[in-house]
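The values are calculated or read from the model by the stated rules, or taken from the named source; none is laboratory data. Small disclaimer: the values here were computed from a predicted structure and weren't measured. FYI the Cβ positions are ideal-geometry reconstructions off the backbone, even for glycines, and counts take in every protein chain you see. Side chains are part of the model used for accessible areas, which takes the heavy atoms of the whole protein and leaves out ligands, DNA and RNA. Shrake-Rupley method; radii C 1.70, N 1.55, O 1.52, S 1.80 Å.
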Amino acid sequence: MTNTLYDSLFAHHEGNEAPFLQLDDGQVVSYHAFLKRAAQIAHVLHINGVSPGDRIFVQAPKLAETIALYAASVQAGAVYLPLNTAYTLAELEYFVSDAQPAMIVCDSKDEAEIGKLATQSGAKLLTLGGDTPSLSLEADAQRCVFETVDRAPDDLAALLYTSGTTGRSKGAMLSHQNLLSNAHALVDLWGITNDDRLIHALPIFHTHGLFVAMNTSLLAGSEVRLMEKFDVGLILEELPRSTLLMGVPTFYTRLLADEGFTNKVTGNMRLFISGSAPLLAETHVAFETRTGHLILERYGMTETNMNTSNPYSGERRAGTVGMALPGTEVIVTNPETGALLDQGEVGMIEVRGPNVFNGYWQMPEKTAEELRENGFFITGDLGQYSEDGYLSIVGRSKDLIITGGYNVYPKEIEDILNDVDGVLEAAVFGVPDNDFGEAIIAALVAEPGEKPDTDRIAGTIRDKLSRFKHPRRYELVPELPRNTMGKVQKNVLRERYANKELSPAVS
Ligand code: MLC
Ligand code: AMP
């Protein structure tokens, strides 16, 4: 047995002095130096008791060291579990209890708070970032060579939590094969090589920034301009010496809103890729008019990595997500019967292939509901094929809001709002937003004779949920619209509030 994921992404760079990561402070980390650091960190995992298959729980800043921790986790045969840096302690508590990690790695500034979680769960705590990060200090003392742990293609490499319609997050179990097959497909399709220089401004705790962007760069040996966060000014500076940008639609609308974004600064660029949320056809057109470049839109999800992509060489069609990746099957079925539908008919998108995950962590019933025995994963996205084979996503059967590329399940927010004194019931939904694509609104029905205080409610939400999940507005309504079955009609609420001016964010 070997560890093909480690060998393919990392080991082959042994001795490669070419630049891998270029950081905001100008520091450059070569592939060779990166590998040595990853090996030192793999020793730290080992001596702190991390065994193959153990989860490493990571809520850490976007640093070269954090990416080396990901590499070390793969090399040591562990399961990498990255978490949104916006998550509150209350949110993290659930993930720790569910995943039972052997190690927690957090930002040094959060050591005291997250230390309590580590103590409760019995996990070893190490830190990254700041002046005296314990993981880095321990790594400094280790050897730069680590004997790679054998892993089979089906063994887990990562556990990524996605929120669920029931309000409870589910851990998607991603295998070595899932990650590697997808990286190969994308590198081939998008023609990524070691001549590329990627502007990396996405977070590194989700599929997009960690796997799509980082794994493809590692496989191809590209240079990565690692930005701590998305910043229009910095991107404008870097574009003339870069070739590739991967982003969510907000990246592109924000770039277009800046006059400095011209065909001059994009002259050296080879490819702009968009995904994680729908790219409006008007953004696609405005982008081409301004720069001469056609954004390449692709479609994926946490459970499946990438499923479809517009062609690199053929027509990139606005409003569509292109065709299935080579090796992956993407079909549209009748949501009730599962029967295959014809081109032009709208139905459930289902996906099968080496990219599709192994199931949800310790949730066999949920896995059985969404992953068919024949291997097709029921995505919850509704789509339609054109006659010439382009897939369009036309809606979702799941009650999901996507804001700036982050998924938010209304149920999680509604559960908290429904528990607030004076609130009879709540409905949370998304309305179109120029910047984030969708913005969150909460409609509240008061208990008879009560008048809920929305500032106090916003305070309750603030303590419990990440900032990106906070409703931007609360609306007190006499009742929620319902259909004859008694189900709340969110489409009616969405239409009712779609064109209303959003008041400043409630924080
Ligand atoms: C930040 N805020 C958000 C937000 N991001 N609110 C809603 N939705 C978001 N996505 C909050 C901030 O906390 C801040 O709160 C206020 O909104 C304004 O913040 P900002 O400074 O304008 O935001 P910024 O930090 O620039 O972040 C915006 C962003 C970021 C779009 C760059 O959200 C981002 O990087 N999104 C990418 C998400 C991603 O990687 N998704 C991939 C998932 S994988 P305050 O308190 O100041 O008001 C996946 C599979 C696939 O979906 O197919 O790829
Ligand atoms: P996540 O669970 O964060 O992986 O988000 C996956 C979801 O994002 C998918 O199920 C889709 O609903 C959505 N998504 C991803 N890419 C696109 C796209 N290009 N267009 C529309 N929706 C997308």
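A few notes on this one:
- Förster radius 45 Å - calculated FRET efficiency between S313 and N483 (Cβ-Cβ, nearest 0.05): 0.45
- Calculated [222 nm] ellipticity per residue, helices only, for the chain: -8500 deg cm²/dmol; basis is -39500 (n - 2.57) per DSSP H run with n ≥ 4, divided by all residues, nearest 500.
- Packing rank of 53-59, 329-335, where each peptide gets the mean count of other beta carbons within 10 Å, highest leading: 53-59, 329-335
- Protein-only accessible surface at a 1.4 angstrom probe places the residues C106, C144 in the order C144, C106, largest first.
- The loop-placed GluC sites (Glu not before Pro) in the stretch 439-497, going by DSSP, that have at most 16 neighbouring Cβ atoms within 10 Å of their Cβ come out as E450, E479.
- For the stretch 400-497, the square roots a ≥ b ≥ c of the C-alpha gyration tensor eigenvalues yield an a/c of 1.5 or more together with a/b not exceeding b/c, which makes the shape oblate.
- Dipole size of the stretch 358-507 about its Cα centre, with +1 on Lys/Arg Cβ and -1 on Asp/Glu Cβ: approximately 180 debye, rounded to the nearest 20.
- T66, T484, ranked by accessible area, largest first (probe 1.4 Å): T484, T66
- Taking each of K398/K490; K36/K124; K170/K487; K170/K469; K229/K464; K464/K490 in turn, the alpha-carbon distance tops 21 angstrom for K36/K124; K170/K487; K229/K464; K464/K490.
- Full extension of the chain between T119 and N268 yields a length gain of 48.6 nm, computed as 0.36 nm times the residue separation minus the alpha carbon distance.
- Amide proton proximity set for G300, modelled H, under 5 Å, gap of 5+: S276, N307
- Spatially, the stretch 345-363 and the stretch 1-20 are offset by 29 Å when compared through their Cα centroids.
- Taking the Cα centre of the chain as reference, the dipole from Cβ charges on Lys and Arg (+1) and Asp and Glu (-1) amounts to some 260 debye.
- Summary value for the chain: 11 percent relative contact order, contacts being C-alpha pairs under 8 angstrom separated by 6+ residues.
- Distant-in-sequence amide contacts of L424, defined by a placed amide H-H separation under 5 Å and a gap of 5 or more residues or a different chain, comprise V445, A446, E447.
- With protein chains left intact and a 1.4 Å probe, residues in the stretch 60-167 average 38 Å² of accessible area per residue.
- Annotation for D24 and N434: the two label points, set 7 Å from Cα along the Cα-Cβ direction, are 2.7 nm apart.
- Couplings 3J(HN,Hα) of the stretch 96-105, computed from phi: 5, 5, 6, 8, 6, x, 7, 9, 10, 10 Hz, in residue order, whole Hz [Karplus 6.51 cos²θ - 1.76 cosθ + 1.60, θ = phi - 60°; x for Gly and Pro].
- The chymotrypsin sites (Phe, Trp or Tyr not before Pro) of the stretch 311-407 that DSSP puts in a loop, and whose beta carbon has at most 16 other beta carbons within 10 Å, are Y312.
- Beta bridges by DSSP in the stretch 239-377, antiparallel share as percent, to the nearest 5: 70
- The length gained by stretching the chain between E17 and Q362 to full extension, at 0.36 nm per residue less their Cα-Cα distance, is 120.0 nm.
- Beta bridges per DSSP, both residues in the chain: antiparallel share near 60 percent.
- Dipole of the chain [Lys/Arg +1, Asp/Glu -1 at C-beta], most positive-end residue of G209, F57, V248: V248
- Distance (nanometres) between label positions extended 7 Å along Cα→Cβ at L424 and L234: 4.9
- For the pair the stretch 63-112 / the stretch 215-253, the C-alpha centres are spaced 24 Å from each other.
- Tensor-based shape of the stretch 197-396 (alpha-carbon gyration tensor, a/c under 1.5 rounded, otherwise prolate or oblate): prolate
- Figure legend: label point modelled 7 angstrom from the Cα of Q100 along Cα→Cβ; residues of the stretch 29-64 with amide N under 19 Å from it are 49-58.
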